[in-house]
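Working notes for the structure below.
The values are calculated or read from the model by the stated rules, or taken from the named source; none is laboratory data. Bear in mind that the values here come from a model prediction, so they are computed numbers and not experimental data. Glycine also receives a Cβ, built like all others from the backbone with ideal geometry; neighbour counts cover every protein chain displayed.
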Amino acid sequence: MNNILEYGNLIKRIRDGENLPEIAHYALDCLYKDGPIDTVVLEILSYMKIFQPGYFKTIENDVIEIMGLFFKSPTPETLQGVVFDIYAQHIRELWGDNYTPMQADILKQIDTKQCFSFSAPTSTGKSFVFRNIILKSEKDIVVVVPSRALINEYHDRVCSTVDVKEVNVLTFVERINTKHAKRNVFILTPERARELFKNKSWLDIEFILFDEAQLSDEKSTRGLYFDSIVRRSLKVFPTAKIIFAHPFISNPQAQLKKNNIMLDESTISRQYKQKNVGQVFYTHDPNSGSFHHFGTNKKIFGEQKILSSYDPIEYSLKNGGSVLVYAAKAQILEKKIFKRFKKYFAFCPKITDPEALELIEKLREYIGASKNNADYYNSDMIENLMHGIVSHHGSIPLTARLILEHFTQKGFCKLCFATSTLEQGINMPFDVVYIDRFEASKSLSVKNLIGRAGRSTTNKQFDIGSVIVRASAMRPLRDTLIKSDPISEVSSLDVKDEKIDESYQEFKEAIKNGTYNDEYNLTEKDVDKIKSDDIKTLVPTLLDMAFIGDNIISAEQITTEIKDLFDKLYETYLGRPLVVSEKNVLREAIKIMLWKVTGRTFRNICQIRYARVAQVNERRKHPERVNTISAKYMTGYNEIPNKNLPNYPKISGTILAKDVDYDTIVFDTYDFLDKLIGFKLSDIYYAIFNEYYIATKDERSLKMANYMKFGTTDAKEIWMLKYGFDFEDMEWLKPYVESISEEEICFVGNIDELDEDKKALIEKFRY
């Protein structure tokens, strides 16, 4: 049998129909002995399905059975099939569903062990297992995920699994709906998970699931935070079962060691290698436009590439498939990648499906893009979406990202241009994955992306996907696929490094020593800074300007003096004057923050910024000068503090006002709100005003603190936020809320007059 492989050139031989029974026997024998773990074996089967579909049909049922894909429920046709069907029935009887053997083993370990750490390839169904664990649990469950984007996906999955009238599915740790809900499922980032420990008195946690737990290996504050949450959870919730899930890593036991978890009969680790989907690989020469087949093992598949008779991207799009192009963020933002793939836009006809159009309209409304006037507020992102062309990157607003993910999961996406935002856990499979940005140094990321190629369906067929790289990346890809991906057995909390940044060191020590202030999300050293006499002097002056009586001023009443005082508060907290570039970024951030505090929505803020930069009023007054009116200078988002930050605009005055890209404004506004205001400034300003209130009992300061934390001081609105409603929902929903408290939310009025989307949003709270 080995002679079959030693001939090499296996792709060519499969294509030409040589030795098919022998090759098939070899592949099936490997599957039977080892399971679906060998990429080479799955490639062989995938090429047979592509080049010899008639012959492959004769073995396809055997492939499905031996791979243990019992969720496809193949009809037994042989004695072997009967044996596997008995195996499948046994799993159903034990665990209540058509699980694969790998899924069943995960359930077994979770059921019998106190702590379980495992790794598994992408798209092998671990999420399905977790949903069923959540469904059958009778106590609180915590799911910790690395990103807020993944929170939204998990939230939707869990809500579709459990009875949301009996179970609170929350993305913050809040005690709500206690009169009706029997338990809670919390889906949290590590940063939000700190709220668990303040609320430990009323929590009854059965499981804490750390998904995408390789985050612990990041050399960043997030990695430190992750490990600290693990260690605190072990102490505070000693009876809760702890589960660590990772993609691909070779040493899941490291997670136990780095967190000092005792290795005994109550703990276990597993590395699963089983895959549900086969894949074929291509190279692409952008100059000639040609595609070539190649195999991951050159000795078996041949040293030379084999010219493909078709364009796999075009083929997929023409046949109702979907394509993911992984690219650098700059390539997407500057739209260079669109130009390179422009020929494929022709295979993405305009969408007519009402459900898809409704999602597009929802996104258009959220970002404030124009519908009828192409001269102003026009969004290329929306226009592309009308053809099923999606952009996905970290600067797309979270709400918009969720809409785009729904759009994709519903099957409306044809062509998706994405960055690494798709790497971690987000369930968006594609028929073809084109890796334009190949980073050999990030083998785990590459494997995650490759794992997006091919949909694991319930159809009675062997599912396959296609992976395309540039010709120059063929060899690095081969090396990457066989590379081991271990994580460190030592936490960053326990590593001494004299070279790290001072603020990072302070954060690390605070986390390690338990002196981190969870209320303010600051170190105690930072908290001491905000209690300084200088800050206590600035605050009352600012409050006098920002309030008229007991009410905060409107957005139109925000003065330069108020912005200056927020400036000074930050500089005083920082302990040094800002350099010009830092100050420009801070001023823009303060302006956006104050607009938000005074009630401006995200779409309002985007439109205001665009109108100024793109000189909308001037262009409307003087349409004859549209080709001479220049854009206004606009500072863009940058991370601060940073003394070495270069001073350059996001949009300069050297371009015409009419050429200002609305999407650029949308993405930049979100970066400010999310990365600088939401993750830094709001914590600092909230702490400043709250501490001043504690010291003086000045009610205005408490109101300002609540504005910084919640965006409102209205008690009803704060409770609505705790119940999971967005500010965008407040305007229409608030009149229907008769009362709201920890116990329940009660509605008044004719709810049935609301549209279906709005009714669906509140249905889980109607009893």
> If you take the residues of region 594-610 that are touching a Phe, Trp or Tyr at 6+ places or on another chain (Cβ under 8 Å) and hydrophobic (A, V, I, L, M, F, W, C), which of them is surrounded by the most Cβ atoms within 10 Å (Cβ to Cβ)?
Replying inline: Cys606
> Out of (1) aliphatic (A, V, I, L, M); (2) in contact with a Leu (Cβ under 8 Å, 6 or more places away or on another chain); (3) crowded, with 22+ Cβ neighbours inside 10 Å; (4) closer than 28 Å to Lys200 by Cα, the odd one out for Val230 is which?
Replying inline: (2)
> Which condition number in (1) within 23 Å of the chain's Cα centre (by Cα); (2) without any contact (Cβ under 8 Å) to a residue 24 or more places away in the chain is the one that Val323 fails?
Replying inline: (2)
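Listed here are the residues, each with its yes/no results for (1) more than 22 Å from Arg401 (Cβ to Cβ); (2) touching a helix residue (DSSP H, G or I) at 6+ places or on another chain (Cβ under 9 Å).
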{"site": "Ser137", "(1), (2)": "yes, no"}
{"site": "Ile141", "(1), (2)": "yes, yes"}
{"site": "Leu150", "(1), (2)": "no, no"}
{"site": "Phe210", "(1), (2)": "yes, yes"}
{"site": "Glu218", "(1), (2)": "no, yes"}
{"site": "Ile249", "(1), (2)": "yes, yes"}
>> For region 658-669, check the following and say yes or no: at least one residue is surrounded by fewer than 13 Cβ atoms within 10 Å (Cβ to Cβ), not assigned by TED's automatic domain parsing to the domain that holds Ala149 and either not hydroxyl-bearing (Ser, Thr, Tyr) or not in a helix (DSSP H, G or I) (or both).
In response: yes
>> Looking only at helices (runs of 4 or more DSSP H) that lie completely in region 481-559, which have at least 1 residues being assigned by TED's automatic domain parsing to the domain that holds Val597 and within 26 Å of Phe226 (Cβ to Cβ)?
In response: 502-513, 524-530
>> Checking the conditions here, which among Phe118, Phe128 is touching a residue at least 40 places away in the same chain (Cβ under 8 Å) and aromatic (Phe, Trp, Tyr)?
In response: Phe118
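Yes/no matrix, rows are residues, columns are (1) over 26 Å from the mean Cα position of the chain (by Cα); (2) among the hydroxyl-bearing types (Ser, Thr, Tyr); (3) crowded, with 18+ Cβ neighbours inside 10 Å; (4) modelled with pLDDT of 95 or more:
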site: Pro286; (1), (2), (3), (4): yes, no, no, no
site: Lys299; (1), (2), (3), (4): yes, no, no, no
site: Tyr344; (1), (2), (3), (4): yes, yes, yes, yes
site: Glu355; (1), (2), (3), (4): no, no, no, yes
site: Lys362; (1), (2), (3), (4): no, no, no, no
site: Asn372; (1), (2), (3), (4): yes, no, no, no
site: Met381; (1), (2), (3), (4): no, no, yes, yes
site: His387; (1), (2), (3), (4): no, no, no, yes
site: His392; (1), (2), (3), (4): no, no, yes, no
> Which residue out of Leu422, Leu415 is outside the structural domain of Tyr637 (by TED's automatic domain parsing) and within 17 Å of the chain's Cα centre (by Cα)?
Replying inline: Leu422
> From the list Ile11, Ile44, Ile23, which residue is touching a strand residue (DSSP E or B) at 6+ places or on another chain (Cβ under 8 Å), assigned to a helix (DSSP H, G or I) and crowded, with 20+ Cβ neighbours inside 10 Å?
Replying inline: Ile11
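Here's the yes/no breakdown for (1) surrounded by 15 or more Cβ atoms within 10 Å (Cβ to Cβ); (2) within 30 Å of Leu578 (Cα to Cα):
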{"site": "Leu645", "(1), (2)": "yes, yes"}
{"site": "Ile651", "(1), (2)": "yes, yes"}
{"site": "Tyr692", "(1), (2)": "yes, yes"}
{"site": "Lys709", "(1), (2)": "yes, yes"}
{"site": "Lys722", "(1), (2)": "yes, no"}
{"site": "Lys734", "(1), (2)": "no, no"}
{"site": "Glu744", "(1), (2)": "yes, no"}
{"site": "Val748", "(1), (2)": "no, no"}
{"site": "Glu753", "(1), (2)": "no, no"}
> Of Ile261, Ile243, which residue is over 20 Å from Glu742 (Cβ atoms), surrounded by 18 or more Cβ atoms within 10 Å (Cβ to Cβ) and at pLDDT 95 or above?
Replying inline: Ile243
> Out of region 316-338, which residues are surrounded by fewer than 17 Cβ atoms within 10 Å (Cβ to Cβ) and farther than 17 Å from His392 by Cα?
Replying inline: Lys318, Asn319, Gly320
> Which one of Tyr610, Tyr633 is of a type in the set (Phe, Trp, Tyr), more than 20 Å from Ala369 (Cα to Cα) and outside the structural domain of Ala369 (by TED's automatic domain parsing)?
Replying inline: Tyr633
> Which is within 20 Å of Ser682 (Cα to Cα) and free of Cβ contacts under 8 Å to residues at least 24 places away in the same chain, of Ala760, Ala705?
Replying inline: Ala705
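Every residue, every condition in (1) under 19 Å from the mean Cα position of the chain (by Cα); (2) not assigned by TED's automatic domain parsing to the domain that holds Leu444; (3) not acidic (Asp, Glu), yes or no:
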position: Phe116; (1), (2), (3): no, yes, yes
position: Lys126; (1), (2), (3): yes, yes, yes
position: Ile133; (1), (2), (3): no, yes, yes
position: Cys159; (1), (2), (3): yes, yes, yes
position: Glu166; (1), (2), (3): no, yes, no
position: Val169; (1), (2), (3): yes, yes, yes
position: His180; (1), (2), (3): no, yes, yes
> Which residues, counting only those in region 311-361, are among the small types (Gly, Ala, Ser) and part of a loop (DSSP other than H, G, I, E, B)?
Replying inline: Gly320, Gly321, Ser322, Ala327, Ala328
>> Among the residues in region 35-58, are any in the same structural domain as Ala245 (by TED's automatic domain parsing), touching a His at 6+ places or on another chain (Cβ under 8 Å) and hydroxyl-bearing (Ser, Thr, Tyr)?
In response: no
>> I'm told Asp163 meets every condition in (1) touching a residue at least 24 places away in the same chain (Cβ under 8 Å); (2) closer than 21 Å to Ser127 by Cβ except one. Can you identify the failing condition by its number?
In response: (1)
> Of the residues Lys675, Lys658, which single one is closer than 30 Å to Glu365 by Cβ, within 26 Å of the chain's Cα centre (by Cα) and among the basic types (Lys, Arg)?
Replying inline: Lys675
> Where residues in region 630-655 are among the aliphatic types (A, V, I, L, M) and under 20 Å from Ile590 (Cβ atoms), which of them is nearest to the chain's Cα centre (by Cα)?
Replying inline: Ile640
>> Of everything in region 558-581, what is touching a residue at least 40 places away in the same chain (Cβ under 8 Å) and surrounded by 12 or more Cβ atoms within 10 Å (Cβ to Cβ)? Give them in sequence order.
In response: Ile558, Phe566, Leu569, Tyr570, Thr572, Tyr573, Leu574, Leu578, Val579, Ser581
> Before we move on, is Asp375 out of contact with any strand residue (DSSP E or B) (no Cβ under 9 Å at 6 or more places or on another chain), under 26 Å from Ala611 (Cβ atoms) and in contact (Cβ under 8 Å) with a residue 12 or more places away in the chain?
Replying inline: yes
>> If I go through region 104-126 residue by residue, how many of them are in contact with a Phe, Trp or Tyr (Cβ under 9 Å, 6 or more places away or on another chain), of a type in the set (S, T, N, Q) and closer than 20 Å to Ile464 by Cα?
In response: 2
>> One residue is enough: does region 263-270 have a residue meeting the conditions among the charged types (D, E, K, R) and under 28 Å from Asn9 (Cβ atoms)?
In response: no
>> If a residue must be under 29 Å from Lys496 (Cα atoms), in contact with an Asp or Glu (Cβ under 7 Å, 6 or more places away or on another chain) and part of a helix (DSSP H, G or I), how many such residues does region 173-231 contain?
In response: 4
